[in-house]
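Read-outs throughout are calculated quantities, based only on the coordinates presented, and are distinct from any laboratory measurement. Not measured: the values here are computed from a predicted model. Neighbour counts run over all protein chains shown; Cβ positions are idealised from the backbone, glycine included.
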Amino acid sequence: MPALLNIAGLLGVVLYIGSYAALQFGLVRGNGFTYATANLLAAALVLVSLVGAFNLSSAIIQTVWIVISLTGILRMVILERTTRLTPEEQAFIASKFPGMARPAARRFLDAGGWFEAAAGTDLATEGQSLGALIYLAQGEADVSLRGRRIGACGPGNFIGEMTCFSGGEATATIGLLTPARYFMIRSEALQKLCQRDAELRHAIEHAVAGDTRTKLVAANAQLHDTAMPGS
């Protein structure tokens with residue numbers, strides 16, 4: 001029995017240290033189920049180990065830790081189940097931010113808004129500050145640089161992702177070829193949101209970086225085809 005209690009205590013210590021290390025290395029979210037559950041199990045195991053060598057202070061700490069972890073898990077469950085997203089919002093989040101918690105997605109969406117624009121509208125103009133991140137949900141657009149077409153944007157693409165945090169000048173002109181519907185969040189709102197939530201900022205940076213890579217690959221392929229003889 002003492003050996004089993006010692007093993008339980010050691011497993012609890014391993015879970016405590018492992019979950020904290022995973023948090024520091026960015027492998028888990030501090031407000032996620034994994035971290036809270038790991039801490040709950042760690043506290044429970046250490047509490048069990050105290051049966052063989054009871055220590056009041058340690059018992060109080062582990063009990064409080066269990067209560068806090070259970071409260072946090074319950075809070076997350078309630079928020080997940082009560083947070084509502086429209087089908088359009090769900091498709092957006094699933095496409096660009098897979099794995100993002102619904103409460104975080106709701107905060108992000110509430111900081112921006114959905115808009116519609118007619119064909120011929122320029123969503124971004126080369127050399128001018130866009131000051132926003134745009135997600136094109138419906139519609140097609142041309143991407144041009146110094147009057148030369150270099151690519152296209154369609155449903156599922158970001159616009160302004162390279163300057164959305166800095167609010168700098170747009171690197172190209174994005175002109176709509178068809179009527180469009182899009183989500184837009186201003187740079188100021190995006191910065192405030194990300195200052196309060198580092199994990200949300202990481203998710204957004206990862207999504208826009210992936211979108212940028214996809215566009216660069218497509219643009220390079222088009223330029224290569226254009227430069228080939230007979231093209």
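Work out, in µm²/s and without decimals, the Stokes-Einstein translational diffusion coefficient of the stretch 2-82 at 10 °C, 1.306 mPa s, Rh from Kirkwood over C-alpha pairs. Mind showing how you got there, number by number?
Values: Rh = 13.2 Å.
The estimated diffusion coefficient comes to 121 µm²/s.
How much length would be gained if the chain were fully extended between residue 212 and residue 197, taking 0.36 nm per residue of separation minus their Cα-Cα distance, in nm to one decimal?
Working: separation 15, 0.36 × 15 = 5.40 nm, distance 2.27 nm.
Residue separation times 0.36 nm, minus the Cα-Cα distance, leaves 3.1 nm.
Return the distance in nm (one decimal) between the two label points of a simple spin-label model at residue 86 and residue 177, each offset 7 Å from Cα along Cα→Cβ.
For residue 86 paired with residue 177, the spin-label model returns 2.6 nm.
Taking the Cβ of residue 126 as the centre, find all other residues whose Cβ is under 14 Å away and add up their charges (Lys, Arg: +1; Asp, Glu: -1). Walk me through the intermediate numbers first.
Details: positive: 146, 148, 149; negative: 122, 142, 169.
With Lys, Arg at +1 and Asp, Glu at -1, the net is 0.
What are the semi-axes of the equivalent ellipsoid for the chain, taken as the square roots of 5 times the Cα gyration tensor eigenvalues, largest first, in whole Å? Present the calculation step by step, with values, prior to reporting the outcome.
Numbers: eigenvalues 492, 71, 37 Å².
Whole-Å semi-axes of the equivalent ellipsoid: 50, 19, 14.
For the chain, set up a GNM with springs between Cα atoms under 10 Å and report which of 68, 204, 134 has the largest fluctuation.
Judging by the Gaussian network model, the answer is 68.
Starting with the highest mean, order 46-59, 165-178 by the number of other Cβ atoms within 10 Å, averaged over the residues of each peptide. Display every interim value, and only then the final one.
Values: 46-59: 14.3, 165-178: 17.0.
Going from most to least packed, we get 165-178, 46-59.
How much net charge surrounds residue 82 when only the other residues with a Cβ under 13 Å from the Cβ of residue 82 are counted, with Lys and Arg +1 and Asp and Glu -1?
Details: positive: 75, 81, 84, 102, 106; negative: 80.
Once positives and negatives cancel, what remains is +4.
What does the net charge come to around residue 175 if you take all other residues with beta carbon closer than 9 Å to its beta carbon, with K and R at +1 and D and E at -1? Please report the intermediate quantities before stating the final value.
Numbers: positive: none; negative: 122, 142.
Result for the local shell: -2.
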